[in-house]
Amino acid sequence: PMLNNYVLPRICERFPPRVRRINIGISGIGESSIEACVATVLPDFPDLDVAYCVRRDKVDVRLTAAIDRIDTLESAAVAVRDVLKEYLVDPEHGVVGSVCDEVRRRSWSLGTAESCTGGEIAKRITDLAGVSDIFKGALVTYVNEAKSELLGVRPETVATHGAVSAETADEMAVGLARRLQVDAGVAVTGIAGPDGGTPDKPVGLAFISTIVQGDVRTQRYVHPGDRRRMRDRTTLAALNQLLRHLRES
């Protein structure tokens, strides 16, 4: 507190900064693809420095220019945001902050139904202070019986398609919206490993269904790696998919 409240302000007062920086948060696209997109607008701003910082759930694009080039810096930020507009997220709180903003802006409610992620999506959401105005809760349905009892997944769906399938994820999402009476939500089922995979359904496979005002969208993902990495990547994919669905609604 002393450093932030007293020391740094005094230093800045005595030695004014000579550069200005704008930070732009991006999620749902790889770093190399971000660099390729930014490269398409960089020739228009030769006096600009660009850096990339990979975070847990986003990539920060940092634009820096001399203090007397603020107009150039702000114009560059507009251009970068425009070329990456589909992937913009809250620069401070990342994709989860943007999901909550989209839900709150519509005065909607939010919930999650999770299997392989074990409540991690709900944890990311509730890590943000003040989300009780939109987040109703989470149903962690790890076994098939819980999926049926709590979410209404039909036993014949699991028997025919498997617990890890698009069909099961769809029914989980619909059951989530009905059970918690939420406007938007995400349901996840997958194989976190290290065991349980087959040639048709390998370890790392996940199906994610998002539901927004009754509209269900499902995608298939394969996230290789150890158990923790698979769960982290599936959690991030679920939040990004939900954000896209909300923005398109």
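The values are calculated or read from the model by the stated rules, or taken from the named source; none is laboratory data. None of the values given here were measured: they were computed from a predicted structure. Because the Cβ atoms are built from the backbone with ideal geometry, glycine has one as well, and the counts that use them run over all protein chains shown.
Before moving on, here are some points about what is shown:
- Hey, V188 out of contact with any Asp or Glu (no Cβ under 9 Å at 6 or more places or on another chain), in the same structural domain as E145 (by TED's automatic domain parsing) and within 22 Å of G137 (Cβ to Cβ) or not: no
- Once region 56-70 is narrowed to residues that are within 29 Å of the chain's Cα centre (by Cα) and modelled with pLDDT of 90 or more, the residue that is farthest from R20 (Cα to Cα) is D57.
- Test: residue in region 6-28 that is of a type in the set (A, V, I, L, M), assigned to a loop (DSSP other than H, G, I, E, B) and modelled with pLDDT of 90 or more: no
- The number of residues in region 12-50 that are surrounded by 11 or more Cβ atoms within 10 Å (Cβ to Cβ) and either in contact (Cβ under 8 Å) with a residue 40 or more places away in the chain or among the hydrophobic types (A, V, I, L, M, F, W, C) (or both) comes to 22.
- Of residues in region 51-68 being touching a residue at least 24 places away in the same chain (Cβ under 8 Å) and more than 23 Å from G97 (Cα to Cα), the one surrounded by the most Cβ atoms within 10 Å (Cβ to Cβ): A65
- Residue in region 193-205 that is in contact with a helix residue (DSSP H, G or I) (Cβ under 6 Å, 6 or more places away or on another chain) and without any contact (Cβ under 8 Å) to a residue 40 or more places away in the chain present: yes
- Checklist (1) outside the structural domain of T189 (by TED's automatic domain parsing); (2) not in a helix (DSSP H, G or I) applied to D68, failing item: (2)
- Within region 198-249, being part of a helix (DSSP H, G or I) and of a type in the set (S, T, Y) holds for T234, T235.
- Any chance V96 is buried (at least 21 other Cβ atoms within 10 Å of the Cβ) and in contact (Cβ under 8 Å) with a residue 40 or more places away in the chain: yes
- Residue among T112, T117 that alone is modelled with pLDDT of 95 or more, in a strand (DSSP E or B) and hydroxyl-bearing (S, T, Y): T112
- Residue in region 52-61 that is aliphatic (A, V, I, L, M), under 27 Å from S249 (Cα atoms) and in a helix (DSSP H, G or I) present: no
- Output for region 157-169, where each listed residue is touching a residue at least 12 places away in the same chain (Cβ under 8 Å) and over 20 Å from V99 (Cβ atoms): T157, V158, G162, A163, V164, S165, A166, T168
- All conditions in (1) out of contact with any Asp or Glu (no Cβ under 7 Å at 6 or more places or on another chain); (2) crowded, with 22+ Cβ neighbours inside 10 Å; (3) among the small types (G, A, S); (4) farther than 30 Å from P46 by Cβ hold for S148, with the sole exception of (2).
- Selection within region 192-222: residues that are of a type in the set (A, V, I, L, M) and surrounded by fewer than 22 Cβ atoms within 10 Å (Cβ to Cβ). The member of this set that is farthest from C100 (Cα to Cα) is V203.
- Here the condition is being of a type outside the set (K, R), under 25 Å from the mean Cα position of the chain (by Cα), surrounded by 14 or more Cβ atoms within 10 Å (Cβ to Cβ) and part of a loop (DSSP other than H, G, I, E, B); of L139, L128, L176, it holds for L128 alone.
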